Amino acid sequence: MTSDAHTLYQLQRRMADAIMRPLTAGQRIHRRSADGRPMQDLAAELIKPSKRLTSLERLEIYNRQYWFRVVDSLYEDFPGMRAILGQKRFDALITAYLLRYPSRSFTLNDLGGNLERFLNEEPHWASPLELMAADMARFEWAQVVAFDGEERPPITAEHLPKSDATGLTLQLQPYLSVLELGFPLDDFVIGLKRLAAEHTEAGITARHRRRRRPRIRLPEPQPTFLVVHRFRNSVYYKRLEPEAFRLLAALSGGQTVGEALTAAFGPLPEREGPRDKRAACVADWFATWAQLNWFCGCGIK
Amino acid sequence: MPPNQFNGFTDLGIGIGLRVPHYNYILAKKPAIDWFEIISENYMAGAGRPLEILDQILDQYTVVQHGVSLYLGSVDPINPEQLRRLKRLAERTKTPFLSDHLCWGSVDGTYTHDLLPLPYTFEAARHTAARIRAVRDFLEIPICVENISSYAEFQVSEMTEWEFLSEVVELADCGILLDVNNIYVSSQNHGFDPYEYLSKIPHERVGQIHIAGHTRHEDYILDTHDHPVPEPVWKLYAQAVSSIGPTNTLLEWDAEIPSFPRVHNEALKAGRYLHNSEGSTCESATA
C-alpha cells in the first residue's frame, strides 16, 4: 500500500467490517458493532445522512446487499444441502461459514470451496446429519468444479509409452472429482431436480398452487462411488464399482498404474482365469474413461 | 462521443448485455443485434459451457467486455492471476475496449462482491487513477470506467461525484462508461441535479453509455436492472447523446429477465435519441 492510500485503506476496512457483520434475525443491521460500539455512531462517522435516510439506514442498505448476494450465490450452488438441512438451518450454517471463510476470490464461483472443510471443523451446524451434509458439500462443490473447471488436452493411445504400463502414471482432468460418499446423494439430487421440475409445472394451475411442496425423503446410508465430470460441456455423475473407484482414486493420488491396480484388487491372482477376467474388466474401464477424455497427461515413475 | 481512443475508435450502435436465459434464442434465431456486452467474470474460468457459448456468439457478433471485480479503487494489490485471465479472455473476444466500475470492493484480500462507492477525495482519485493505468498497461486495451449507483456518501469527501469522476479519468487518461441510470439513481438518493452532473464531465472521454431500469423504494432508489428504462432515464439519455454525440449504447437487464425480443425492443428505443443526435451533429457540422 502507498502512504497516499492509508486513509483510504482505513475507511475501506471500517466499511467492510460493518457491511460484512451478519444481519439480525429480522434481516436488519445490528445496533452494535462486533466490539460493542453503537453502530449508529460508527455509521455517522463514516457516512453523511441524506434528507430521507440516516447514516445508519444508508449503511444498512450495503449490509443487506452484501448478505443477500453471498447467500443467494450459495443457495444456487448448494440446493442439495438446503434440502437436507431445511431453510432455517441452512441459513445459519452459511452465515457461520461465511464469517469463518469470507470470500478470498474475485469470483463468487469460489465462494463455497471451503464448505466441506468448515463442516468437518464445526459439524454441530449440521448435527445430527453432519456426515451426510459433509458428503453433500463435497458432491455439490465437485459439480461447481466440473461446470467450468480447467480442461487440458486429453491424451490418446499415441501418447502412451509402448513399454510395460505398470510404472506409468496418469493425470486426471482438473475438472474431474473422484468421490467416495456414505450416501447415494446422486440419486437424491436427481430426485430433487425432478421434484422441482414437477413443482414448477404443477405451479401453473391454481389447484396445484394450494398444495404444499412435497419433501423428498433423506437417503439411507449406502457406500457410493462416483466421478463427477464434464462431457461435451454438460456436467455428469457416473457411478463406479468399488474396484474402479480405488483404481481411479489411486491414479489421481499420483500412484502408478501398477500400484493403482494393487490398490484396486489386491495382489495379482495366481491362476490365469481370474487374471484374464480382471484384465478384461480393467481394459473396459480404461477404454470408457479414455473415451470420456478423463486422462490429460502421463509419465513414467 | 463518436469513435474515440477510449472506445477503440468504435461506432457500435445499440447493444444488449448477453445473459444466460437468452443463449438458446440467440444461437437459434441469430437476431440482428449491433453488439453484445459480456460480464467478463462469467467467462474467465477458461473452460466449460460458458466459453463454448461465447465462441459461438463470437462467430456472429461483436463482443465488448465489461467487468465487475477489478475494484479499481480498492487499496488491495491488484490480483495478477485475475489480470492474466482477463487478458486471455480479451485475446479471445478481441474486445475493442474494456470497462469496469469506479468503485472498491475488497480489503485485505477479502471480497464483498459489491460495487462500493469511494470517498470523493484527492487521495482516492490519485490512488484509483494509478491502478487504472497499471491495469491498462498490463492489458494493453483502452479502459473506460463506469460511474456506479450509490446509496451513501462519505463524510470525508472533498468534491462532488462528477468532479471525482473527472479527476480520476483525467489523471488516468482513460475513458468513461457513462451509466445514465446510475446518474439518475444517485441523483435521487443524494439530492443532486443529474443534468448538472452530465454537463460537468469531460464529454470527449465518454466511450460508451449504459441504460437500465431501477426499483423505487419508499426512501431511496435501488439499481436493480429488472425493469424497462423509465422515462426520466430516457430523458437523461436524450440529453447525454445530444451533448456528447452518438455513442455506443448498451441496455442492461439482469434480473426478472423477459424474452429476448422484449429486451431487444427496449434497447432499440435508444435509436430514437441516437438518430436525433446524429441529425443534430450533421446539422451543426454543415452550419
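Here are the numbers for this structure:
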{"read-out": "Projected area, mean over directions - segment B:158-270, Cα convex hull, nm²", "value": "7.4 nm²"}
{"read-out": "Amide H contacts of A:Cys296 (H built 1.01 Å from N, under 5 Å, at least 5 apart or other chain)", "value": "A:Ile155, A:Gln171, A:Leu172, A:Gln173"}
{"read-out": "Charge dipole (segment A:1-76, unit charges on Cβ, about Cα centre) - positive-most of A:Ala18, A:Ile29, A:Tyr66", "value": "A:Ile29"}
{"read-out": "Whole-number percent relative contact order across segment B:1-105, with pairs defined as alpha carbons under 8 Å at least 6 apart", "value": "28 percent"}
{"read-out": "Estimated inter-spin distance, A:Arg100 and A:Gln87, nm [label 7 Å along Cα→Cβ]", "value": "2.6 nm"}
{"read-out": "Under 17 Å from the B:Glu140 label point (7 Å along Cα→beta-carbon), backbone N, segment B:35-61", "value": "none"}
{"read-out": "Label-point separation, A:Ala280 to A:Gln27 (7 Å along Cα→Cβ), nm", "value": "6.1 nm"}
{"read-out": "Relative contact order of chain B, defined on C-alpha pairs under 8 angstrom at six or more residues apart (%)", "value": "20 percent"}
{"read-out": "DSSP bridge pairs, the protein assembly as shown: antiparallel proportion in percent, nearest 5", "value": "45 percent"}
{"read-out": "Förster-model FRET efficiency, 22 Å R0, A:Asn233 and A:Leu160, C-beta, rounded to 0.05", "value": "0.25"}
{"read-out": "Karplus (6.51, -1.76, 1.60) ³J(HN,Hα), θ = phi - 60°, over segment B:175-187, in Hz, Gly and Pro reported as x", "value": "x, 10, 9, 8, 9, 6, 5, 5, 4, 5, 4, 5, 4"}
{"read-out": "10 Å Cβ neighbours from other chains, averaged over peptide A:44-50", "value": "5"}
{"read-out": "Taking segment B:153-287 and dividing mean pair separation by its residue count, relative contact order in percent (alpha carbons under 8 Å, at least six apart)", "value": "22 percent"}
{"read-out": "Taking N as its residue count, the alpha carbon Rg of segment A:1-76 over 2.2 N^0.38 Å", "value": "1.19"}
{"read-out": "Pairwise label distance in nanometres, B:Glu204 with B:Gln56, each label 7 Å out on the Cα-Cβ vector", "value": "4.5 nm"}
{"read-out": "Residues in segment B:195-221 that a label on A:Asp72 would reach, taking backbone N under 13 Å of a point 7 Å out along Cα→Cβ", "value": "B:215"}
{"read-out": "Rounded Å value of the spacing that divides the Cα centres of segment A:69-121 and segment A:154-174", "value": "38 Å"}
{"read-out": "Cross-link pairs beyond the 25 Å C-alpha cut-off, checked among B:Lys94/B:Lys269; B:Lys29/B:Lys269; A:Lys193/A:Lys238; A:Lys48/B:Lys200; A:Lys238/A:Lys277; A:Lys162/A:Lys301", "value": "B:Lys94/B:Lys269"}
{"read-out": "Using θ = phi - 60° and Karplus 6.51 cos²θ - 1.76 cosθ + 1.60, couplings along segment A:166-182 (whole Hz; Gly, Pro as x)", "value": "5, x, 7, 10, 10, 9, 9, 4, x, 7, 9, 10, 9, 10, 10, 10, x"}
{"read-out": "Convex hull per residue volume in Å³, alpha carbons only, for chain B", "value": "131 Å³"}
{"read-out": "Of all DSSP beta bridges in segment B:1-116, antiparallel share, percent nearest 5", "value": "25 percent"}
{"read-out": "Debye intensity ratio I(q)/I(0), log10, segment A:87-129, q values 0.30 Å⁻¹ (C-alpha model)", "value": "-1.13"}
{"read-out": "Residue-averaged beta-carbon neighbours from other chains (10 angstrom radius) around B:94-101", "value": "0"}
{"read-out": "Segment A:223-300: GluC sites (Glu not before Pro) in DSSP coil with no more than 11 other Cβ atoms inside 10 Å", "value": "A:Glu270"}
{"read-out": "Distance cut-off 48 Å, percentage of C-alpha pairs in the protein assembly as shown lying past it", "value": "21 percent"}
{"read-out": "Table column - 3J(HN,Hα) (Hz), segment A:216-226, Karplus curve with 6.51, -1.76, 1.60, x for Gly and Pro", "value": "8, 6, 5, x, 7, x, 6, x, 9, 10, 9"}
{"read-out": "Intensity falloff of chain A expressed as log10 I(q)/I(0), Debye formula with alpha-carbon point scatterers, at q = 0.13, 0.15 Å⁻¹", "value": "-1.03, -1.19"}
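Values in this text are rule-based calculations from the coordinates and carry no lab data. Everything numeric in this text was worked out from a predicted model, so none of it was measured. Cβ atoms come from the backbone with ideal geometry, glycine included; neighbour counts cover every protein chain shown.
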